[in-house]
Amino acid sequence: MDPEIQKMREVALVYLDRSGGLQQFVHDCKRYNDSKQSYAVYRFIISINPSDIAELDATLGNYILHSPLQAAEIFQSVCFIAIKTLSLIEQLQTEAQISVLLKPTHLPPLPSYVLSLSAHPFNYTSQRFYMSEGIVIAMGTVTKYTQGARFLCTEETCPFSEGRFRYIRVHCPGATESATVRTDFVCSLCSSPLREDMKFRVLGDKQIVEMIDANVLNALKGYSSDKSHFRIQAFTVFLRDELANKMTIGNHYRIIGIPACVQNGLQATACIEVSSVQLCKPNGSSFVSDNFKYLLSLTSSSHWRFTAVLANIFASQVVPPGTYNTLKLAILLSLVQTCEKENADYLDLLIVTSETLIIDRLLNYSLCLLPRGIRHPPSSEIFPSVSKDKHGTGSASIQACSAVLAKGGICYIGDLSLYKKDKLELLQTVLESRTTTVFIPGKKYGEEADQQVTVSVQANFWSYVDVDSSSKKHIQKENFLIGQMDVSLIPANLVDVFGLLIFNESPSSRLSSPLVHHILKKAINPEAMLYKVSQQFRTQDYEEFILFAKNLHVELSSAAEHLIQGYYLASRRVRRDSIHGSTLSASAIKILISLSKAHTKLSLRQTVLEEDALIAILLFESSLTLKHGTSALCIAPNSVFPFDLSDENSLQQRDIYLMQCHHQLLKFIAAYGPGIHININEE
């Protein structure tokens with residue numbers, strides 16, 4: 001025996017003893033032995049820390065990293081000797097029956113261990129471990145594959161025709177089913193053909209997953225300041241046995257595995273046989289720029305001023321400062337209210353406008369401030385769909401879509417009037433439940449029974465409706481209430497499930513000159529910084545600010561909660577009719593709390609105050625007025641920004657106005673809120 005191989009076996013045994021792997025191995029052996037059943041293959045998983053192995057023996061460490069299949073044979077030999085020496089599995093006959101899977105805990109943080117399909121060359125023949133990252137864009141259903149099989153000689157007089165486990169086939173990384181179980185094997189003793197003993201075939205679970213480089217998100221934003229060019233290609237990932245169903249569609253994962261090339265007819269597919277899967281959590285920004293900190297200190301005298309100035313100067317690269325302030329505030333609130341948690345506080349926006357080009361540019365710009373901002377192309381599906389797996393298995397594969405790829409971010413679906421009725425109904429269902437169900441017919445995809453897979457949708461949705469298009473396609477109703485908008489082009493139930501409905505009044509009369517000048521100057525020089533605030537508060541500063549603000553953990557104060565509940569109960573009383581009952585849905589409380597928390601985050605605070613709740617209520621009441629007409633509260637359409645914010649005096653006037661709105665709200669609650677006691681300061 002080669003002394004080097006013998007030394008590596010000794011080191012492997014020492015490592016298993018020190019790492020606790022030997023104890024786990026004995027436990028697995030006991031499970032097999034207790035079953036009293038003979039298996040063709042006994043499968044063992046060994047967790048390997050490459051750093052610890054390299055410290056014990058550099059040669060074995062190098063073997064594991066660069067020749068994992070040969071390293072597995074060393075551990076296989078150690079395991080076989082241990083089983084025979086300690087009599088751990090009575091049924092075991094030959095070393096070939098042991099299948100060892102080495103699972104490294106990590107790989108060295110060096111470029112040579114990182115696999116990227118966007119880089120050349122792609123070395124899929126090395127048969128060693130690589131690390132790769134990507135987003136899951138398609139997932140197949142779990143099917144069966146052959147882990148191992150026993151073959152016998154067809155010649156009856158041959159000693160290997162029965163009884164012994166002489167010929168064992170075990171699945172290797174990248175191998176297809178036809179490669180593992182073939183019909184052209186011959187006996188090494190008599191050269192007769194071998195046949196499989198079907199009683200001893202060992203089956204395992206297999207799942208095929210499609211992943212793609214995370215850089216694809218930049219390409220799906222529709223607009224980006226990043227002008228670099230890169231190649232993006234999806235790659236196939238095989239999840240086997242305990243790793244099946246360990247991934248979720250739309251999530252970002254870091255994987256360690258062995259690359260291979262799978263031949264399917266004339267087509268060759270690059271794939272990775274995965275050993276370990278780790279979920280990549282998004283990194284939040286740990287700081288905000290000095291200019292934002294300075295602005296926060298300047299506006300600290302009022303809880304309303306910082307967010308007002310923030311909205312006023314936001315997106316100055318797209319629209320002049322001071323325009324579309326209410327819409328820009330709503331966009332900022334929606335941006336900071338994004339996360340990848342179940343049952344999160346979502347904030348969807350539906351904008352009614354005649355300035356579709358400008359609004360589209362503004363939403364596109366805002367979309368790019370998040371890592372996961374997806375502009376949905378109308379030609380594709382918003383929600384997951386099912387297709388046949390392209391690797392020849394015939395099983396179903398669930399394809400990701402804009403809504404799933406926008407997980408923890410924004411899905412911008414453009415003009416809502418472009419979608420057909422069935423798509424709008426599905427959108428309404430998803431906005432209500434934040435889940436979508438994919439139906440997989442069993443007969444079509446080779447399954448015995450039909451399946452239903454529920455996919456979580458964790459994104460805010462943005463859309464707009466062209467008010468001119470709406471008026472052209474539909475005859476306007478004559479029985480509109482005061483303040484109500486005609487959005488009859490869109491089903492009323494769908495309009496109701498959007499958190500905020502915003503009427504973006506065209507600034508053609510009041511602000512035509514700044515807007516026209518801005519558009520013309522940008523057309524001449526798209527890269528020009530037209531305003532000083534664009535240099536002081538760059539796009540990158542806003543990206544860092546939003547990442548920091550969205551990760552703040554905020555708590556609702558009792559005063560803010562009392563104000564929201566009082567407004568909700570009072571509004572349910574005044575907004576009702578004898579036929580349909582209250583027009584205020586039960587989800588209104590969630591939307592109000594979500595708006596309040598978003599304003600708190602945008603203010604870089606962690607406690608929701610009455611001032612935050614007031615802004616939330618004014619925005620929500622404006623939205624209700626557009627949907628159902630004005631109520632007894634009777635607020636102005638532009639109540640959040642009643643004045644142009646040109647100097648400190650205008651900010652002071654706005655504070656006074658909002659305090660009056662607060663007083664008016666308290667009186668409204670006192671008059672219409674059943675059992676709500678509000679302390680009104682007459683002074």
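The values are calculated or read from the model by the stated rules, or taken from the named source; none is laboratory data. As the structure is a computational prediction, the values presented were derived from the model and not from experiment. Virtual Cβ from ideal backbone geometry, glycine too; neighbours counted across all protein chains shown. Calculation scope for accessible area: heavy atoms of the full protein, side chains included, ligands and nucleic acids excluded. Shrake-Rupley method; radii C 1.70, N 1.55, O 1.52, S 1.80 Å.
Numbers for the structure displayed
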read-out	value
Residue check, SER380 open to solvent by 10 Å² or more (accessible area, probe 1.4 Å) and under 21 Å from ILE249 (Cβ atoms)	yes
Residue among THR625, THR539, THR600 that is touching a Ser or Thr at 6+ places or on another chain (Cβ under 9 Å), of a type in the set (S, T, N, Q) and closer than 20 Å to CYS368 by Cα	THR539
In segment 378-413, the residues that are in a loop (DSSP other than H, G, I, E, B) and farther than 27 Å from THR141 by Cα	PRO378
Residue pairs meeting the criteria (Cβ under 9 Å; at least 6 apart or on separate chains; first without any contact (Cβ under 8 Å) to a residue 40 or more places away in the chain, in segment 394-405; second open to solvent by 20 Å² or more (accessible area, probe 1.4 Å) and among the hydroxyl-bearing types (Ser, Thr, Tyr))	CYS401/SER380; CYS401/SER385
Single unsatisfied condition, LYS227 versus (1) touching a strand residue (DSSP E or B) at 6+ places or on another chain (Cβ under 7 Å); (2) open to solvent by 20 Å² or more (accessible area, probe 1.4 Å); (3) at pLDDT below 80	(1)
Helices (runs of 4 or more DSSP H) enclosed by segment 523-639 - at least 1 residues per element that are open to solvent by 30 Å² or more (accessible area, probe 1.4 Å) and polar (S, T, N, Q)	532-536, 539-550, 558-574
Qualifying position, being open to solvent by less than 20 Å² (accessible area, probe 1.4 Å) and touching a strand residue (DSSP E or B) at 6+ places or on another chain (Cβ under 8 Å), among ILE313, ILE351	ILE351
Some residue of segment 261-280 being open to solvent by less than 10 Å² (accessible area, probe 1.4 Å), touching a residue at least 12 places away in the same chain (Cβ under 8 Å), over 24 Å from LEU619 (Cβ atoms) and not in a loop (DSSP other than H, G, I, E, B)	yes
Given (1) open to solvent by less than 20 Å² (accessible area, probe 1.4 Å); (2) at negative phi; (3) out of contact with any His (no Cβ under 7 Å at 6 or more places or on another chain), number of the condition LYS390 does not satisfy	(1)
Every residue from segment 172-201 that is part of a strand (DSSP E or B) and surrounded by 18 or more Cβ atoms within 10 Å (Cβ to Cβ)	LEU194, GLU196
Selection from segment 281-315 of residues that are without any contact (Cβ under 8 Å) to a residue 24 or more places away in the chain and small (Gly, Ala, Ser)	SER297, SER300, SER301
Only listed residue being out of contact with any Ser or Thr (no Cβ under 8 Å at 6 or more places or on another chain), without any contact (Cβ under 8 Å) to a residue 24 or more places away in the chain, open to solvent by 60 Å² or more (accessible area, probe 1.4 Å) and in the same structural domain as ILE64 (by the TED database), chosen from GLN6, GLN37	GLN6
Single residue of HIS106, HIS171 found to be modelled with pLDDT of 85 or more and within 18 Å of VAL277 (Cβ to Cβ)	HIS106
Condition met for VAL11 (of a type in the set (A, V, I, L, M), crowded, with 17+ Cβ neighbours inside 10 Å and more than 38 Å from the chain's Cα centre (by Cα))	yes
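Quick grid of which residues meet (1) modelled with pLDDT under 80; (2) under 30 Å from the mean Cα position of the chain (by Cα); (3) not charged (D, E, K, R):
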site: GLY446; (1), (2), (3): yes, yes, yes
site: THR454; (1), (2), (3): no, yes, yes
site: TRP462; (1), (2), (3): no, yes, yes
site: SER471; (1), (2), (3): yes, no, yes
site: GLN476; (1), (2), (3): yes, no, yes
